[in-house]
Every structure is written in C-alpha cells, then in structure tokens.
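Have a look at the structure below before the remarks.
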Amino acid sequence: MTKAGSEPVLLDGGGNPLWLVLELTYRCPLQCPWCNNPLNFSEIEQELSTEEWKKVLRDARKLGSLQLGFSGGEPMLRQDLEELVEYANGLGFYTNLITSGMGLTKKRLIKLKEAGLKQIQLSVQHSDRAKNDAMVGAESFDQKMAACEEIKAQGFPVVLNVPISRYNIDAVGDMIKLAERTGIEFIEFANIQYYNWALLNRTELMPTKEQLEEAEAVVNAERERLGKAVTMYFVIPDYFDGRPKACMNGWGAIHLTIAPDGSALPCQEAQVIEGLEFPNVRDKPLDWIWHESPTFQKYRGDSWMKKPCIDCDEKEKDFGGCRCQAFLLTGDAENTDPACSKSPHFDVVLSAVEAARDRKGPGSPMVMRNRHALGNGYRNLAP
C-alpha cells in the first residue's frame, strides 16, 4: 500500500505558519464517533468574538499565513462566518470552508461567494442514506446532498471528504460514482486517524489490512477509468504503513490552529498532550506565541529526540512522527511515534491492528460524540 500514491510533499514555510485553521466553534449538530474535537469539548464555552477572530486573522497574515481553513465543530453555526470570510479575503488569504453541509443553505452560499470564499470541503460519510445517518447519529444525508448540489450551482470547487472506517470502506466505489454524478472535482478518502473520539472507538472503526488493499485497488481502477475528471486521494493510516506520517511537516513548522476559546495549537490534536500549557491569543501576541512560546518551541527541530529518532536517517522526512500519537499510545510525547516499525513501542500499534482484525460480530456500541457521552470521567476512558 502507498500513502496517497506518492512520497509526501514536504513544505518549507521559512519559519512561517503557512496553513492557518480557525476552529470557530466546537458546536455541531452531528455526533461523529471519530471527531477530532477534544473529548471535553463541551467545557469550552467562551468562543472568540468576531473582533477577536479578526485580530487573529490580521496577526496571522503578518506572520506569513496564506492558506486559511474555517473549521469546527460546524463553522456554519457561527452567524458571523460570512463576515470573517470577507475580512480574511480582504487580507489576502486563500479561504477554505471545512463543513458537514449542515446549515449550508443557498442564501448563505451566495453570501459566502460574495464574501470571497474560494473552496469548500464537504464531508459525506456514505453513499447510502441510512448508513450515512447512522454513522453520524443524525438525519443529514439529504441535507448534505442538497448542499452539494447548491455548492456546485454557485460555482465553488469542491473537495468531497470521506472519513474511511470499517463502516464505509466497502462503499468507496459508490462514493466515486456519487462524486462523478454531482460534478465534484476532488475526493479524499482519509482513513481515520486515531485521536480523541476516534481513539475511544478504534477497535470498532479500524478496517483490516485486506479491506484497505481492496479499497485502494478500487480507487486505482477508478483513477484509470476517469483520468483527470476526478482527482482522488487515498490516505493510508500509518498503523499499517510501518512508518509514521510527516505530521504537520513537523511541530510548529507550517501549521497553526486556533481553538474556539483562543488557545493556539501546533496542530488540531495537540491538547491531548498533558503537561503542556497552550498560550491564548487573548493573553499573548500571536507573533510571540509562534516564535517564542515554550509550547511551540517544545518539539521543533530534533533536539528533543530520543533514540532511535535522533540517529535515524529518515528524521528529516518524518520528523519523528506524531507527538500526539506518541503521547496517547506510550505516555511520553518524546518517544518515537509507535506507528514506526523502528519504535520500541511498535507492538502497541500491532496489537491494535490485531484487535481490529480479530473483531467478530457487531462488537461494542460506539461512543458517539455528544456533550453527555463521557461525563467527568472522559480521561479514564482513553485506551
């Protein structure tokens, strides 16, 4: 199996946060059991105001940020989204909306188009209505399809995001046909990465190696058939690859996420690492946060690396892998990512793959993402 069919593209931001993600809210009408939002998302109540988000945009643009994703939760729940898009567009950002399609009406799409939005990433979980709705815990398929039709009517380029798990991996061919039918230009089959809610449900969600190989073969055959009509990406999870992903091109290298409450993060999952204090844009200048804060300096470069990473000839390709995954699976964020076959903790990943492979029958009910699912004991439930 290959990762997206080629070597990873490594970007050098020249020390700048090229890719900025604004997680405008953790609120969402869906309950996806693989959501990357924190397990304690319901405790985050004080979202940044419109003016505070605008200051973040100004400061990030001064730092050299170019690519901007409006995300969540569901960003459509912010009634100031159009205003923020227009402001970002005026600053020179390439603006991208990452949405479930819920609340994406014709009226709001027209306003977003007028505001200068450049691209939309729309998540759809299955080509079958009932299966899609069951996967996300809400009636949503019809709204997603209506949103897709209207997005195309307004002339937006669309990336169809399909989070791949055991529950929909057999539908990749049907999803490609759906994209072809609706005129979608790009489709990304992103095999779920196991953090937060996905980690809680890992055994239930993880497909087998055989399923991944069959699905990739379908994608490759469809690439041959469709040529350049639909660009397809099939991202293999690093649990099956033997090498870790080049996570965010390295910690604090090109990626900057701002959480709904203003916490600045080197990646969207970084809050899983206990013991780190994430600076907040309400308290500190963004320039200081990016260049000088202890948290953003923590895993930059290679001075933090232990063996075998520090002696590895691949460390400039994968940067030691994912610090969040290292912490979640080994308890120490400085360890080699256990997805790497060179890691002394590689058996942790092998055991997870075996558990998913050996799973029989319907398994355990998944923990759906909602504010009442875990209560106060959420930390104790992490595998």
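The values are calculated or read from the model by the stated rules, or taken from the named source; none is laboratory data. The shown structure was predicted, so the numbers you read here are calculated from the model rather than taken from an experiment. As a convention, Cβ positions derive from the backbone with ideal geometry for all residues, glycine included, and neighbour counts pool all protein chains shown. Quick note on the areas: whole protein, heavy atoms, side chains included, nothing else; ligands and nucleic acids left out. Shrake-Rupley method; radii C 1.70, N 1.55, O 1.52, S 1.80 Å.
Could you give me the residue pairs with C-beta distances under 9 Å whose first residue belongs to the stretch 40-64 and is on the phi > 0 side of the Ramachandran plot, whose second residue is assigned to a loop (DSSP other than H, G, I, E, B) wherever it lies, and which are 6+ apart or on separate chains?
Gly64/Gly13; Gly64/Gly14; Gly64/Gly15; Gly64/Asn16; Gly64/Pro17; Gly64/Leu18
Among the residues of the stretch 302-345, count how many are within 17 Å of Ala253 (Cα to Cα) and open to solvent by 60 Å² or more (accessible area, probe 1.4 Å).
Residues meeting the conditions: 4.
How many residues does the stretch 245-266 contain that are of a type outside the set (A, V, I, L, M, F, W, C), on the phi < 0 side of the Ramachandran plot and open to solvent by 10 Å² or more (accessible area, probe 1.4 Å)? Even if it seems obvious, please write down each step before you answer.
Initially, the stretch 245-266 is screened for residues of a type outside the set (A, V, I, L, M, F, W, C), giving 245, 249-250, 252, 255, 257, 260-263, 266.
Next cut, on the phi < 0 side of the Ramachandran plot only: 245, 255, 257, 260-261, 263, 266.
Checking which are open to solvent by 10 Å² or more (accessible area, probe 1.4 Å) leaves us with 245, 261, 263.
The total comes to 3.
What helices (runs of 4 or more DSSP H) completely inside the stretch 117-183 contain at least 3 residues that are under 23 Å from Trp197 (Cα atoms)? Reasoning before the result, please.
Numbers: elements: 129-136, 141-153, 172-182.
The helices (runs of 4 or more DSSP H) meeting that bar are 129-136.
Out of all the residues in the stretch 199-214, which are in contact with a Lys or Arg (Cβ under 8 Å, 6 or more places away or on another chain) and farther than 18 Å from Trp34 by Cα? Talk me through it step by step, then tell me what you get.
The first filter runs over the stretch 199-214 and keeps only residues in contact with a Lys or Arg (Cβ under 8 Å, 6 or more places away or on another chain), leaving 203-209, 211.
Selection gives Lys209, Gln211.
List the residue pairs whose Cβ atoms are under 8 Å apart, where the first residue sits in the stretch 267-296 and is free of Cβ contacts under 8 Å to residues at least 24 places away in the same chain and surrounded by 14 or more Cβ atoms within 10 Å (Cβ to Cβ), the second is among the hydroxyl-bearing types (Ser, Thr, Tyr) and part of a loop (DSSP other than H, G, I, E, B), and the two are 6 or more positions apart or on different chains.
Pro279/Ser293; Lys284/Ser293
Working only within the stretch 184-198, note down all residues that are in contact with a Lys or Arg (Cβ under 7 Å, 6 or more places away or on another chain) and of a type outside the set (Ser, Thr, Tyr). Please lay out each step first, then the result.
Taking the stretch 184-198 and keeping what is in contact with a Lys or Arg (Cβ under 7 Å, 6 or more places away or on another chain), we get 194, 197.
The answer is Trp197, and nothing else.
List the residue pairs whose Cβ atoms are under 8 Å apart, where the first residue sits in the stretch 248-265 and is farther than 25 Å from Glu43 by Cβ and of a type in the set (Asp, Glu), the second is part of a loop (DSSP other than H, G, I, E, B) and open to solvent by 10 Å² or more (accessible area, probe 1.4 Å), and the two are 6 or more positions apart or on different chains.
From the stretch 248-265, no pairs qualify.
Does Thr203 satisfy the criteria of being within 30 Å of Ala270 (Cα to Cα) and over 19 Å from the mean Cα position of the chain (by Cα)? Step through it out loud before you land on a result.
Working: within 30 Å of Ala270 (Cα to Cα): yes; over 19 Å from the mean Cα position of the chain (by Cα): yes.
Spelling it out, Thr203 is indeed within 30 Å of Ala270 (Cα to Cα) and over 19 Å from the mean Cα position of the chain (by Cα).
Would you be able to say whether some residue in the stretch 26-33 is surrounded by fewer than 23 Cβ atoms within 10 Å (Cβ to Cβ) and in a helix (DSSP H, G or I)?
No, the stretch 26-33 contains no residue that is surrounded by fewer than 23 Cβ atoms within 10 Å (Cβ to Cβ) and in a helix (DSSP H, G or I).
Give me the residue from the stretch 336-383 that is closer than 21 Å to Asp133 by Cα and among the basic types (Lys, Arg) and, out of that set, modelled with the highest pLDDT.
Arg369
Filter the stretch 91-107 down to residues that are β-branched (Val, Ile, Thr) and buried (at least 17 other Cβ atoms within 10 Å of the Cβ) and give me whichever is nearest to the chain's Cα centre (by Cα). If you could, list the steps in order and put the result at the bottom.
At the first step, the residues of the stretch 91-107 found to be β-branched (Val, Ile, Thr) are 95, 98-99, 105.
Checking the rest, the ones that are also buried (at least 17 other Cβ atoms within 10 Å of the Cβ) come to 95, 98-99.
Values: Thr95: 17, Ile98: 10, Thr99: 12 Å.
Restricting to residues being β-branched (Val, Ile, Thr) and buried (at least 17 other Cβ atoms within 10 Å of the Cβ), the top hit is Ile98.
Hey, can you tell me all the residues within the stretch 325-342 that are assigned to a loop (DSSP other than H, G, I, E, B) and more than 21 Å from the chain's Cα centre (by Cα)? Steps first, please.
Taking the stretch 325-342 and keeping what is assigned to a loop (DSSP other than H, G, I, E, B), we get 331-342.
Matches in the stretch 325-342: Gly331, Asp332, Glu334, Asn335, Thr336, Ser341, Lys342.
Give the residue, chosen from Glu150, Glu214, Glu139, Glu185, that is open to solvent by 50 Å² or more (accessible area, probe 1.4 Å) and within 27 Å of Gln67 (Cα to Cα). First the steps, then the outcome.
Working: Glu150 fails: open to solvent by 50 Å² or more (accessible area, probe 1.4 Å); Glu214 fails: within 27 Å of Gln67 (Cα to Cα); Glu139 fails: within 27 Å of Gln67 (Cα to Cα).
After ruling out the rest, the residue left standing is Glu185.
Of the residues that make up the stretch 59-73, is at least one in contact with a Ser or Thr (Cβ under 6 Å, 6 or more places away or on another chain), of a type outside the set (Gly, Ala, Ser) and buried (at least 23 other Cβ atoms within 10 Å of the Cβ)? Break it down into steps so the answer makes sense when it comes.
To start, the set of residues in the stretch 59-73 that are in contact with a Ser or Thr (Cβ under 6 Å, 6 or more places away or on another chain) comprises 68, 72-73.
Keeping just the survivors that are of a type outside the set (Gly, Ala, Ser) gives 68.
The next check asks that each one be buried (at least 23 other Cβ atoms within 10 Å of the Cβ); those that pass are 68.
Yes, the stretch 59-73 contains at least one residue that is in contact with a Ser or Thr (Cβ under 6 Å, 6 or more places away or on another chain), of a type outside the set (Gly, Ala, Ser) and buried (at least 23 other Cβ atoms within 10 Å of the Cβ).
Out of Leu18, Leu39, Leu77, Leu48, report the one residue that is among the hydrophobic types (A, V, I, L, M, F, W, C) and within 17 Å of Leu97 (Cβ to Cβ). Explain how you work it out, then say what you get.
Numbers: Leu18 fails: within 17 Å of Leu97 (Cβ to Cβ); Leu39 fails: within 17 Å of Leu97 (Cβ to Cβ); Leu48 fails: within 17 Å of Leu97 (Cβ to Cβ).
Exactly one of Leu18, Leu39, Leu77, Leu48 is among the hydrophobic types (A, V, I, L, M, F, W, C) and within 17 Å of Leu97 (Cβ to Cβ), namely Leu77.
Suppose we keep only residues that are among the acidic types (Asp, Glu) and in a loop (DSSP other than H, G, I, E, B) within the stretch 72-86. Which one would you say is nearest to Pro260 (Cα to Cα)?
Here is the first cut: in the stretch 72-86, the residues among the acidic types (Asp, Glu) are 74, 80, 82-83, 86.
Okay, now just the ones that are also in a loop (DSSP other than H, G, I, E, B), so 74, 80.
On the way: Glu74: 11, Asp80: 14 Å.
Here the answer is Glu74.
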